[in-house]
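Take a look at the structure below.
The values are calculated or read from the model by the stated rules, or taken from the named source; none is laboratory data. Note that the structure is predicted; figures quoted are calculated from it, not measured. For neighbour counting, all protein chains shown are included, and Cβ atoms are generated from backbone atoms with ideal geometry for every residue, glycine included.
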Amino acid sequence: MTSLTASPRRAVSVADARITFPHLVHAEWVSLWSLRGNVVSLVLGALFAILAAVGFSVIWGFATQRAEEPLPVEVAPPLMDMALNGVVIVQIVAVLIGVGAFAKEHSTGSLRTQLAAAPRRVGVLGAKATVVGLVTAVWAALVFVVSAIGVAIVYTAFDFPVAFDSPLTQIAIPVLGAAVLVALSAVLGLGVAALLRSETWAVSLVLVFLLILPTVFLSLPFEWALHVAELLMGQTGSALYTVHESVDGTVVRDIALTFAWPAAALVAGMAVVRRRDV
């Protein structure tokens, strides 16, 4: 008699089955673009931001051509200041993208599947931050470049000054700095969403923090309120895209705080997600 001996199957090693960070980033990339709402938000946000920049430049142009008391050309805002006129609109869209990257998946239950596939929850949130940060930064930079081109065309038509002494400092730094601010706003939204697990509350809290809270503190008749307002991200963020004649301690502080707020929110979100059931 002959007997058949089954050959042992090769055991799958833990290393083969391990999901690496690049895998998580790829999964988040696919997830972000699979949501139609994200694409719609990016398209509409870009249109509104570009229209705001070009539209206000046209208004300024006609204000210098009106028959009664025309404005002098010299009082028109600099080209890049006008091009970045829609930075708040772009920030709002970035916050929606960042919050939705966590809160939408939490509400649909897909986040539980992700965390089951990748037990290291910190890696999942880190991958989300990487994707939303890069996507919103590149998108924002493109929006601001198109806005600058549109404003330059309008300014040229109305004989406004469009020349730059230093394109690097007067064009590249404002565009890249504003794009970084937009990416940080998205990461801030992601971190707050991980803390609250609610899309509505996270969006509301982040927008109040960025847009309303600084104005409230600046309106209070107290010196301490002014100092508090200077530390909020809604005030410090402009240091990233403002052309500074010299970089002093205040500029360094503002830039550091602009990075610190999203970092703190993301770290807090990671700590909560790591210890709490989703």
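Evaluate the range 23-33: report whether one residue or more is assigned to a helix (DSSP H, G or I), within 17 Å of residue 147 (Cα to Cα) and either modelled with pLDDT under 90 or within 19 Å of the chain's Cα centre (by Cα) (or both). Looking for residues that are assigned to a helix (DSSP H, G or I), within 17 Å of residue 147 (Cα to Cα) and either modelled with pLDDT under 90 or within 19 Å of the chain's Cα centre (by Cα) (or both), one finds none in the range 23-33, hence no. Selection of helices (runs of 4 or more DSSP H) fully inside the range 178-278 by the criterion of at least 2 residues being touching a Pro at 6+ places or on another chain (Cβ under 7 Å) returns 233-236. Considering only residues in the range 37-58 that are more than 21 Å from residue 155 (Cα to Cα) and buried (at least 16 other Cβ atoms within 10 Å of the Cβ), the one that is modelled with the lowest pLDDT turns out to be 38. Taking residue 243 as the residue in question, decide whether it is under 21 Å from residue 88 (Cβ atoms), loosely packed, with under 15 Cβ neighbours inside 10 Å and out of contact with any strand residue (DSSP E or B) (no Cβ under 6 Å at 6 or more places or on another chain). Answer is yes for this residue.
Residues of the range 33-86 being polar (S, T, N, Q) and closer than 23 Å to residue 140 by Cβ, which ones? Steps first, answer last, please.
In the first step, residues of the range 33-86 are kept if they are polar (S, T, N, Q); the result is 34, 38, 41, 57, 64-65, 85.
Of everything in the range 33-86, those that are polar (S, T, N, Q) and closer than 23 Å to residue 140 by Cβ turn out to be 34, 38, 41, 57, 85.
The requirement of being within 17 Å of residue 94 (Cβ to Cβ) and at pLDDT 95 or above is not satisfied by residue 213. Annotation note: Cβ proximity below 8 Å between a residue of the range 68-87 that is over 30 Å from residue 42 (Cβ atoms) and assigned to a helix (DSSP H, G or I) and a residue that is among the β-branched types (Val, Ile, Thr) and at pLDDT below 90 (sequence gap 6+ or interchain) occurs for 73/64.
Residues that are without any contact (Cβ under 8 Å) to a residue 12 or more places away in the chain and over 23 Å from residue 90 (Cα atoms) were ranked within the range 122-163; the one that is surrounded by the most Cβ atoms within 10 Å (Cβ to Cβ) is 156.
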